[in-house]
Each structure stands twice: as C-alpha cells, then as structure tokens.
Amino acid sequence: MIKQLIPATMLTLVLTLICGLAYPLLMTQLADKIFPSQAHGSLIVKNGTIVGSSLIGQNFTKPEYFHPRPSATTVPDPNDATKTVAAPYNAASSAASNAALTAKAQVDAIAAASDALRQENPASADLPIPSELVTASGSGLDPHVSPEGAKYQAARIAEARKAKPDDILALIDGKTEGKLFGLFGAPTVNVLSLNLSLDERWPIK
Amino acid sequence: MTWLGFAEIAAYMAAVTVIAWPLGLYMARVFTHQPTGIDLALGPVERAFYAVCRIDRTKEQHWTEYAVACLVFNVIGLLVMYALMRLQELLPLNHAGQSAVSPDLSINTAISFATNTNWQNYGGESTMSYLTQMMGMTVHNFTSAATGMAVLVALVRGFARKQANTLGNFYVDVTRSVLYVLLPAAILFTLFLVWQGVPQNLDPYTQATTLEGAQQIIAQGPAASQIAIKQLGTNGGGFFNVNSAHPFENPTIFSNLAECMALILIAAGLVLTFGRMIGEDRSGKAQGRALYIAMSLLLVGGILIAWWAETHAGALAQGTMEGKETRFGILDSVIWAAATTASSNGSVNSMHDSFTPLGGMVPLVNMMLGEVVFGGVGSGLHGMIIDVILAVFIAGLMVGRTPEYLGKKIEAKEIKLAVLCLLVFPLPILILGGLSLVLPVGLAGIAAPGPHGLTEVLYAFTSTSANNGSAFGGLSGNTPYYNLTMSLAMLIGRFLVIVPTLAIAGAVVGKKIVPVSAGTFPTQSGQFIGLLIAIILIIGGLTFFPVLALGPIVEHLMSVNGSLF
C-alpha cells in the first residue's frame, strides 16, 4: 500500500497539471485564435452595446417582438436567501421546471399559459398551439421557437409594427433553419434574430 | 413515429459503428503496446511521465496489486477534488466570486466525479469557479474514464492470457488511456464544439442589454474543453446546471449529434478492442461482434419504446415539450435519453423528469440493467462480461457441462464473484431508496406528487448506484441527507464492483485455455445473443419490477384513465 503512494500521488499531480491546466488553457488560446466569436459566447453587438448572444434566449414581453418560450429560471429571493423567485431567461443560472406531466399543477399551468397565449394573439385563436409555446425548455434559455410557434405570433406583430402579415410570415420562412442533413433535430427559428430583423425593417418610432 | 425518424435512428447507430470500429482496433494497439502511428510524438511524453512518477513500465501487477493501485489512485484524486472545492474562494480564476462549496456537497461531488457518476447536486455556473471546473471536474473526467478502461483491459487480459498470473500495470494502462486515447480525442472534439458555438474562455460573465432594455448576465467559461471529455469519457457532469440542454453546452443540432455519438463511442469501440485482444484462435472478432449486437439491440429497443411513449402521450400531449429544447424536438431528446443511460454517461439534453411515465421509465430501466448496454467507458463492458459469465453458467446448467467462456473454465469461484457483482448493485437502490421513502428527511426532497415522486427517489439511487449521473431533477438532492446517502451508493456501485471484477480477472488469468470441442457452447451465435439479452432483462426485471410497478407503471395506467396527481 505504502509503495503505491508515490506513483499514485505523482500520477495524480502530473495528470492534474496536464489535463487540468495545460489542456484547457491551450484550448482557450487555440479557440480564441481560430474561432474568436464562438469562443467568447457568440455575442451580438449593436451600436456598440452587447445585446445578447445568438445562442442564448432572452425574455421579450412587448407585443411588437416575438416572444420566446416560458422559462423556469430563477434568482434568489432578495428577502429570503433560502427561496427563489421567477426570473425568466436568467443566463447566469440555467434551470428547468422538472415538472411531472401527470401533476395537476402542471396540467393547469399549461392550460393557463394556453389561455394567456390566445388572449395575446386573438387573430390566431383558432390555430393549434405548438407545445413549446406553453412549456418551459430544458435549459430555461432556449433561443428558438418552432416555425409554427413564430407564425402563431405573426398577426400580433404585424399589427403592432404596422407591417403586412405576409411580410412577417416571409421573414419567418427566411429565418427558419431546417433539420440537419434532412434527418436530425427539429426545424427552428431564432427569436433574437427575428427581433433584430423586425427592428431593422419595421422600426418602432 | 415516422419513417424519417426510423431512418434517423438507423443513421445514428450506423455513424457510431463506423467510427467505433477503427477506434476499437486502434485502442487494441494502445493496450497491447503495438505501434499506434503517433508513438513518435507521444512516446517521449509517455516516458517522461513514467520517469517523473517513478513508474516501472515493465513491472506487471498481480490482481491484488492492480486493485490496490486503482483504489489508492482514486482516493488521492478524490481528496484533491474535495480540497479544490472547499478552497476555491481563496484560489485564482474565480471571476464569478463563488464561495467555498459546503462540506457535504463537496463530498458528494468529489465522489461523484471519482466514480464516473457525475451526479450534479450543484449548478456549475452558480457554484463552481473556473479553476474548480478545470482542475477538478475536467481532470476527473479523464482519470475516472481511464480507471474504467484500465479495469476493463485487466479483465480482458485475464481471458486473453494463458496461465499467467499478472494483469498488466495499472499506472501504465491509465497513462496510455489518457495520452493515446482520451486526450487526443478531447482536443479534436473541443475544437469541433467551439466551432459549433460552445464557449471556451476565461472571461468574466457578460452583461448584455436586451432590445427591450433589460439586463441579462450571461455565464461564460472554459466550457468546451470540459464538455468534450465529459461526453467522451462517459462522465456526464455538465459545465452548466442543465447540462447538454444548455445552448452553450450543446448549441446546434450538429453539436447534439456529435455529443450523442461521443457519449457512446469509446465504450462501443472497446467492445471491438476486446475482440481483437482475445485473438483469432478463439474467434475474438465474432465474440466481440456478438456482444456489440446484443448491446445495440437493447439500445435501439429502449429508444423505440421511449419514442413511442413520448409521441403517444394522449391527454398529456400538449405538455411533451416540457423540459425539451426546440432544436432537438422529441426524437433527438429520446435518442439522447436512451443512449446516455444505456452508456453510463448521464449527461442530458432534456429533462427526464418531465417525460411521460413510460418515456421516463426507459432511462430508468436502462440503468437498472446495470449499465451494460455499452455502459461506461470500460465499466460497461466489464459489467457485460459479468452477465456473460452468468449466461454461460446457466447454459452450462441446462446441458450439464462445466461452463467455459473464451476457452477458460468458469468455476465456482468465478460464479460467486460474478453473483457478488450482481447482488451489490441493487442493494443501495432498494435499501437507501426505500429508506428515503419513509424518513422525513428523504420525503422532504420530493417535488412531484403521487407515484412520480417515488420514481424521483428511485431514479436518484439507481443513477448513483449505476454511476450514471442523470437525474429526475425534481428531487432536491442538495441536502446533507441525500448528499451523503448518494455518496455511499456511488462508492458501492463503483468500487464494490471493480474489486470482484479484478478478482475474476485474477482467477481466470492463471487458467489454461481449453480447445473448442463439440461440447463447447458457442458464445458468438445468435442463440447466445438471445440468451444473454434474456438473462439481462430477467435479472433486471426480477430485481426491480415490484418497485417499477409502484412508480412509472401505475402512473402510466392511472394517467391513461385521466387521473392526475
């Protein structure tokens, strides 16, 4: 046992230096040189300010913007540090609801979210609601909705922006990313990218 | 369920096999010390390792010595990791000002990473400093995977060698696993991940101002270098709290495909390594292929059941995107869920707790089968070989002959040790799980009402005993009670299996090889694959069916009839 201590300790030490310092630091240097934008979080800068990351979802509540999915992220309660309060799209603390689908509370929450969505989008009230618009994502930071999820909101945005509904639908189609190799994943639209285009083409005065 | 979906599953399995095949043959060269093609570059580094660490690469170890080396090495690593978490406040690279991690959470996390479980009772971006992530998490992702590979290689040598009494050198096997397999693969994979958008920096968290004028703080860090190895090494502990559901941890469909392949790749390759090391005089290739087919069938079966359940959710259908990311949709979420629990990876790209009752039962059952469906890097195949030993024993009972595997007679000692491995695994699940369902401290952590709450506890102890690390995240596990009981489950599930496994290796290595005769039960046939699958399912079923009936099965039956909880 004792004679094993030296090689075991030394190997731990050497591997800690190689795998724990040399490897991540070398990767940080290389990433910075080869893929500088991605390495620093794919940040989007507009007029000199960072408006977000193209990969991280943000909370939008105004009618003239596309809204993201519900988010289960929280922040510590300022009045009681042992509790948390809702803070959608808190990108410093990703979280999911982990709600059980068979819980009455969850079924009620989905029904309430569906009602609220129909009220916000009266012109789309007859369309089926895509599941992702009334459920929280796994990360709480999902940057996407499905093309159907964006189109559900198109009429509301056209009205708020005084744009033609068809132009909004065309924008969504143009921004839709399909399956990988026609096979993997699901079609998506990036909400922040849509909203940046909205501000560019139909600015709110 | 669509044809396109079936095509996707087939493409996934084919892609894994196409890469695992050459990788497996390459690893066989690494572990039998044959030229690998990169010796010129790595040879001097390797020799420097041995010189600095005072390792005599020519000295072979008896199984007991090999086991002691394995335990000592792991305990030292565990202590270093514990110290890093407790002291992170005082150490550099702590941009987000993380405070020292509590003692019980540090114990849980250190054991979790040392045992290749990587259960997360912490949120990476809100608890750990960059230094802890690098020198703690990342290092253990390498060393625990290398430990699994070393133990496997020792067991394979036990069957491959004729009348020998040593199994190789643990330190040499670990060093070669890291230098020749894990590190080169991780470097390539890191660059791929950064290309896809995974951050790799030491920047402070970014402050953004949204188009609506709100502030958003965006966590950053050296994520890609850790995520690469956490997928390849079947570790699964995320850089961020929500693991590979986080758009920084798994930004695109392409990154998802690659991560989902990586989490099974080395374990799959090792099955072919095993065949190659056994050698053609005992039809090693066919032996390895038989195990590969058995594992693939079990994996695809799990994917299909989960996919069916998630797409036939009935009244619950409107909620099925809960805990899933839009870019992955339902199918890519269930492929990952099945693959990450079949292998002992345990990273997640969706929240298993929010699956339908039967959809969530698939990852649970995958773990209950003992993580032998590809399983952990190394640990999966050595677990599978234990099941094979049991299968040839049962086949031997049926025909009344002494069982053999790969020409080695399987006698009472090996059977006893194999049964010990199989009995140890359910103990923490059923005992600690049962205890948690009656003790107030256990019940306090449960979030979901009704049978789903029972499943949350069951899942936690199955995941920790199986060294998987995925979770039904509704359970509040970061309490002293759960931190410590789960630590115990992880230690039992890892080391009380490794030691008897090495003992089996030590017992069979000294045996001579019996030539194949008319009475030999062929272990590469379709019949044997069927027998092996049946035995795996029956052992898992007998052990866990009663508690599954109380959890996901009753939840499914009641929810079909419209009952909510």
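Quick rundown of the values:
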| item | result |
| --- | --- |
| Every pair of residues 6+ apart whose Cβ atoms lie under 8 Å, when the first sits in region A:156-172 and is touching a residue at least 24 places away in the same chain (Cβ under 8 Å) while the second is acidic (Asp, Glu) | A:156/A:120; A:157/A:64; A:160/A:64; A:161/A:64 |
| Extreme residue, farthest from the other protein chains (Cβ to nearest Cβ), among residues of region A:173-205 that are touching a Gly at 6+ places or on another chain (Cβ under 7 Å) and touching a residue at least 60 places away in the same chain (Cβ under 8 Å) | A:191 |
| Leading residue by the ranking (nearest to residue A:149 (Cα to Cα)) among those in region A:76-86 that are more than 10 Å from chain B (Cβ to nearest Cβ) and not polar (S, T, N, Q) | A:86 |
| Region B:37-56 residues that are charged (D, E, K, R), paired with ones that are part of a loop (DSSP other than H, G, I, E, B) (beta carbon under 8 Å, 6 or more apart) | B:56/B:169 |
| Matching residues in region A:162-177 - criterion: being touching a Ser or Thr at 6+ places or on another chain (Cβ under 9 Å) and not β-branched (Val, Ile, Thr) | A:171, A:174, A:175, A:177 |
| Condition met for residue B:158 (more than 10 Å from every other protein chain (Cβ to nearest Cβ), over 30 Å from residue A:55 (Cα atoms), in contact with a strand residue (DSSP E or B) (Cβ under 9 Å, 6 or more places away or on another chain) and touching a residue at least 24 places away in the same chain (Cβ under 8 Å)) | yes |
| Any pair with Cβ under 6 angstrom, 6 or more apart, that starts in region A:84-100 at a residue that is under 11 Å from residue A:142 (Cα atoms) and ends at one that is among the aromatic types (Phe, Trp, Tyr) | A:94/B:240 |
| Scan of region A:116-153 for residues that are surrounded by 22 or more Cβ atoms within 10 Å (Cβ to Cβ) and among the hydrophobic types (A, V, I, L, M, F, W, C), ordered by number | A:133, A:134, A:136, A:141, A:145, A:150 |
| Residue B:348 vs. criteria touching a Ser or Thr at 6+ places or on another chain (Cβ under 7 Å), of a type in the set (A, V, I, L, M, F, W, C) and within 23 Å of residue A:149 (Cβ to Cβ) | yes |
| Yes/no for residue A:113 being crowded, with 23+ Cβ neighbours inside 10 Å and either assigned to a strand (DSSP E or B) or touching a residue at least 12 places away in the same chain (Cβ under 8 Å) (or both) | no |
| Filtered residues of region B:115-141 (kept if more than 11 Å from chain A (Cβ to nearest Cβ) and either at pLDDT below 90 or farther than 23 Å from residue B:218 by Cβ (or both)) | B:115, B:116, B:117, B:118, B:119, B:120, B:121, B:122 |
| Matching helices (runs of 4 or more DSSP H) fully within region B:176-292 where at least 3 residues are closer than 29 Å to residue B:43 by Cβ and small (Gly, Ala, Ser) | B:223-232, B:253-278 |
| Subset tally (residues that are over 12 Å from residue A:4 (Cα atoms) and under 29 Å from the mean Cα position of the chain (by Cα)) for region B:46-63 | 7 |
| Cross-chain or 6+ apart pairs with Cβ under 6 Å, region A:39-66 first and within 7 Å of chain B (Cβ to nearest Cβ), then part of a helix (DSSP H, G or I) and surrounded by fewer than 17 Cβ atoms within 10 Å (Cβ to Cβ) | A:39/A:32 |
| Members of region A:8-55 found to be in contact with an Asp or Glu (Cβ under 9 Å, 6 or more places away or on another chain) and not in a strand (DSSP E or B), listed by number | A:39, A:40, A:41 |
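Every residue, every condition in (1) part of a helix (DSSP H, G or I); (2) away from chain A (no Cβ under 14 Å), yes or no:
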| position | (1), (2) |
| --- | --- |
| B:524 | no, yes |
| B:527 | yes, yes |
| B:534 | yes, yes |
| B:547 | yes, yes |
| B:550 | yes, yes |
| B:553 | yes, no |
| B:557 | yes, no |
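The values are calculated or read from the model by the stated rules, or taken from the named source; none is laboratory data. This one's a predicted model, so the numbers in the text were calculated from it and none came from an experiment. All Cβ positions, even for glycine, are placed from backbone atoms using ideal geometry, and neighbour counts span all protein chains on display.
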